[in-house]
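Data block below; observations after.
The values are calculated or read from the model by the stated rules, or taken from the named source; none is laboratory data. Not measured: the values here are computed from a predicted model. Every residue, glycine as well, gets a Cβ built from its backbone with ideal geometry; the counts of neighbours run over all protein chains shown.
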Amino acid sequence: MNAPLTSSSLTPLADVPALHFQQASFTHRGHALLVPTTLTLSGCQRTLIMGPNGAGKSLFMRLAHGLLSPSSGQVRWEGKPPVQAMVFQRPVLLRRSVIDNLRYALAVKDVPRPKRQALALQALEKFGLAALAKRPARVLSGGEQQRLTLARAWLLNPAVLFLDEPTSALDPAAIKAVEDAVNEFHQSGTRIVMTTHDLHQAKRLADDVLFMYGGQVLEHTPAERFFDAPTSSQARAFIRGELVW
Ligand SMILES: Nc1ncnc2c1ncn2[C@@H]1O[C@H](COP(=O)(O)OP(=O)(O)OP(=O)(O)O)[C@@H](O)[C@H]1O
């Protein structure tokens, strides 16, 4: 990460509203992919969602972000839904230049045209992409594309940033760049909700851990407690590397 983005694009963050799952479930063709779940995400925590393949982590996150609606129960923000951004495992970018991807995001956000170029350039500088500004976004390497999606999210100044396995296809240096960015979002007051399969990454980043298995949230606890003394046998097996699905 380079220089801080001083003229933060947009308004400072107010307190991040709580997100309540109230008996929220998701069923598909008679299969309960998320059993009725009640929990609250609050504050500016970095919540890491862990669990084996198929546990329901992405599904949970899509429900939280509003990309899916629960089959029963509610997923509800306390008050007005905040500005949110989501970063996926495979970056979703427009077939445009690197800088145009950022300018477009600012246009959608109704940032006045004269300000867009300067803000986009600052974000590129911050995420180490300035030299690539004019390159087509889709020819960037995986790590560069992920940095671009983070730069775009940064310009949106989200109160909540969802990340679905954002580093699973990246090399160690690119992983570090993403983790540094996540921490900068966190320090600027953004709540982080992120899935990962990497226990070491979860230990580095997590304030709290949400552990899922078979469409259930089995644990939602402070990270230290989760790693030192998980309460479920499934989480203990997962931490030992013995729970595959
Ligand atoms: N929109 C959907 N409609 C129907 N089934 C879905 C939907 N989303 C997810 N599923 C199913 O729900 C289950 C959980 O999927 P999900 O992607 O949430 O798992 P995950 O824990 O993120 O797994 P992985 O670690 O492999 O990414 C899977 O069996 C998947 O096929």
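Which residues, taken from region 21-34, are hydrophobic (A, V, I, L, M, F, W, C) and within 9 Å of the ligand (Cβ to nearest atom)? Explain how you work it out, then say what you get.
Taking region 21-34 first, the residues hydrophobic (A, V, I, L, M, F, W, C) are 21, 24, 26, 32-34.
Of everything in region 21-34, those that are hydrophobic (A, V, I, L, M, F, W, C) and within 9 Å of the ligand (Cβ to nearest atom) turn out to be Phe26, Leu33, Leu34.
Every test in (1) polar (S, T, N, Q); (2) at pLDDT below 95; (3) more than 16 Å from the ligand (Cβ to nearest atom) is passed by Ser97 save one, and that test is (2).
Comparison of Pro158, Pro166 shows that the only residue that is touching a residue at least 60 places away in the same chain (Cβ under 8 Å), within 16 Å of the ligand (Cβ to nearest atom) and in contact with a Phe, Trp or Tyr (Cβ under 9 Å, 6 or more places away or on another chain) is Pro166.
Rundown of residues vs (1) within 16 Å of the ligand (Cβ to nearest atom); (2) modelled with pLDDT of 95 or more; (3) part of a strand (DSSP E or B); (4) within 20 Å of Thr40 (Cβ to Cβ), yes/no style:
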residue	(1), (2), (3), (4)
Gly54	yes, no, no, no
Leu59	yes, yes, no, yes
Leu63	yes, yes, no, yes
Leu68	yes, yes, no, yes
Arg76	no, yes, yes, yes
Leu93	no, no, no, no
Arg103	no, yes, no, no
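Kindly evaluate Val111 against the criterion of being closer than 25 Å to Phe211 by Cα and buried (at least 16 other Cβ atoms within 10 Å of the Cβ). Criteria not met by Val111. Checked against the criterion of being farther than 30 Å from Gln22 by Cβ, buried (at least 16 other Cβ atoms within 10 Å of the Cβ) and out of contact with any strand residue (DSSP E or B) (no Cβ under 7 Å at 6 or more places or on another chain), region 79-94 has at least one qualifying residue. Checking each residue in region 188-236 for being more than 21 Å from Ala32 (Cβ to Cβ) and either within 16 Å of the ligand (Cβ to nearest atom) or in contact with a His (Cβ under 8 Å, 6 or more places away or on another chain) (or both) picks out Ile192, Val193, Met194, Thr196, His197, Asp198, Leu199, Gln201, Ala202, Asp208, Val209. Would you mention how many residues in region 35-52 are within 13 Å of the ligand (Cβ to nearest atom) and either surrounded by fewer than 16 Cβ atoms within 10 Å (Cβ to Cβ) or more than 22 Å from Val160 (Cα to Cα) (or both)? Number of matching residues: 2. The residue pairs whose first member lies in region 50-76 and is in the same structural domain as Pro222 (by TED's automatic domain parsing), whose second member is within 6 Å of the ligand (Cβ to nearest atom) and assigned to a helix (DSSP H, G or I), and whose beta carbons are closer than 8 Å, counting only pairs six or more residues apart or on different chains, are Met50/Lys57; Gly51/Lys57; Leu68/Leu59.
So, in region 78-91, of the ones that are aliphatic (A, V, I, L, M) and away from the ligand (no atom under 16 Å from the Cβ), which residue ends up nearest to the chain's Cα centre (by Cα)?
Taking region 78-91 first, the residues aliphatic (A, V, I, L, M) are 83, 85-87.
Filter again for away from the ligand (no atom under 16 Å from the Cβ), leaving 83, 85.
On the way: Val83: 13, Ala85: 7 Å.
Per the stated criteria, the residue is Ala85.
Residue under question is Pro136, and the condition is that it be closer than 28 Å to Ala173 by Cβ and in contact with a strand residue (DSSP E or B) (Cβ under 8 Å, 6 or more places away or on another chain); does it hold?
Judged against the criteria, Pro136 is a match.
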